[in-house]
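Read the structure below first, then the notes.
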Amino acid sequence: MNKNLPLYEIFIRSKNGLHHKHVGSLHASDPQMAIMNARDVYTRRQEGISIWVIESKDITASNPEDSDAFYAPAEDKVYRHPTFYDLPDEVKHM
Amino acid sequence: MELSLEQKFQEKIDRDERIEPRDWMPDSYRKTLVRQISQHAHSELVGMLPEGNWISRAPSLRRKLGLMAKVQDEAGHGLYLYSAAETLGVERDTMFDQLHSGKAKYSSIFNYPTLTWADIGAIGWLVDGAAIMNQVPLCRCSYGPYARAMVRVCKEESFHQRQGFEIMLTLCQGTPEQKAMAQDALNRWWWPSLMMFGPNDAESPNTKQSMAWNIKRFSNDELRQRFVDMTVPQAELLGIKIPDPDLKLNEETGNYHFGAINWDEFWQVVKGHGPCNKDRLAARVKAHEEGAWVREAAMAYAEKQENRLNKAKTA
Ligand SMILES: [Fe+2]
Ligand SMILES: [Fe+2]
């Protein structure tokens, strides 16, 4: 039998206006307990005002081994960047 | 020519890139990290014991609050580190089993007893001071989750060292008996603190590989020297004497030369024959076993809640 409590990934919003950010993981019996533990483990010095938790097994991740091919389509699309477009110097603030 | 996975990995390291959990890595890199990170986690956990011993006997409420917060931080450090180790595929319970069975090591410093209140000052000042010296370079370790955990840890350590030094300072400015207590604590903690950096470089065969992998950035002897150079003036400020007759400033290098470390003692403690090895392990096992019913009850409650939820859904 697996003696471990389920593993949760913890995301913290440090203040309003910012995204939740991954900070690490911890073990808990259920999501409520994961939130309470996350408060004690990851916000002892007011590092957060909002916590998200999700069981690690429920996360689907891209495969780093495919990343060359996977992200390649964006590589040659320089026209998606503002500097691709030539404008005379007289045009200010654009 | 097609590069092998191993070569590509080393190139990434040489570009000072970080390795993340799902990236390919050599087995030996993974094993080295699992061993180092879990030992580090165990040290944080066992490290709570010598200090926890004095929480109920702290001389004032101010000291008690500081010490409790510090010990709680160490629990947190253990948890950040176990979490980092788990990203390498090792289960939390496996690591606990290794600690509790005596198979895994932890920092030998925690096998010394805390005899007086001054020991709490000496630990914060010297032991946390040495830990900081070791941990700051680990913030740039090549393994991402370990490096990120160390950033959190280092942010918190600075208060640990300051609270320890403040305890020492208060004792040193107190009665002659109190100052003698501080001196006695320094006498007992000085050499074990120097041992915290590990064997001399010549006796440390894994250092070279760890440095090639950017796990380690400085050798044991380099870090130990820095620690001595940093700490000697602090002892002078306190007005107590470092228990080393050979300690002397080298005017040319600006480094302090220090006496020979008793490595026999170090290896004895590492092998389990320190003054408190048995007590520390027994306390860990007891805490773990006596907490079992809490974990079981929490799981039973979670299952019940889920069953209820499922029933409500199908009804
Ligand atoms: Fe710590
Ligand atoms: Fe600490």
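Some observations on this one:
- Search result, residues across region A:9-32 that are facing chain B (nearest Cβ under 9 Å) and hydroxyl-bearing (S, T, Y): A:S25, A:S29
- When residues in region A:72-83 are screened for being open to solvent by less than 100 Å² (accessible area, probe 1.4 Å) and not small (G, A, S), 3 of them pass.
- B:H42 fulfils the conditions (1) in a helix (DSSP H, G or I); (2) away from ligand 2 (no atom under 16 Å from the Cβ); (3) away from chain A (no Cβ under 14 Å) except for a single criterion, (2).
- Identification of helices (runs of 4 or more DSSP H) wholly contained in region B:202-315 with 2 or more residues that are open to solvent by 90 Å² or more (accessible area, probe 1.4 Å) yields B:220-238, B:263-268, B:277-290, B:292-314.
- Residue match in region A:12-23 (condition: surrounded by 14 or more Cβ atoms within 10 Å (Cβ to Cβ) and more than 20 Å from B:R148 (Cβ to Cβ)): no
- Criterion: in a helix (DSSP H, G or I) and either basic (K, R) or open to solvent by less than 100 Å² (accessible area, probe 1.4 Å) (or both) - qualifying residue of A:A69, A:A61: A:A69
- Pairing residues of region B:43-56 that are polar (S, T, N, Q) with residues that are in a helix (DSSP H, G or I) and surrounded by 20 or more Cβ atoms within 10 Å (Cβ to Cβ), at Cβ distances under 8 Å and at least 6 apart in sequence or on separate chains, gives B:S43/B:F110.
Listed here are the residues, each with its yes/no results for (1) open to solvent by less than 10 Å² (accessible area, probe 1.4 Å); (2) away from chain A (no Cβ under 14 Å); (3) farther than 30 Å from B:S28 by Cα; (4) in contact with a Cys (Cβ under 7 Å, 6 or more places away or on another chain).
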| position | (1), (2), (3), (4) |
| --- | --- |
| B:I123 | yes, yes, yes, no |
| B:C141 | yes, yes, no, no |
| B:V151 | no, no, no, yes |
| B:C154 | no, no, no, yes |
| B:M168 | yes, yes, yes, no |
| B:T175 | no, yes, yes, no |
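The values are calculated or read from the model by the stated rules, or taken from the named source; none is laboratory data. Remember, it's a predicted structure, so these values are computed and weren't measured experimentally. With ideal geometry, Cβ positions are generated from the backbone for all residues, glycine too; neighbour counts draw on all protein chains shown. Surface areas here come from the heavy atoms of the whole protein model, side chains and all, with no ligands, DNA or RNA. Shrake-Rupley method; radii C 1.70, N 1.55, O 1.52, S 1.80 Å.
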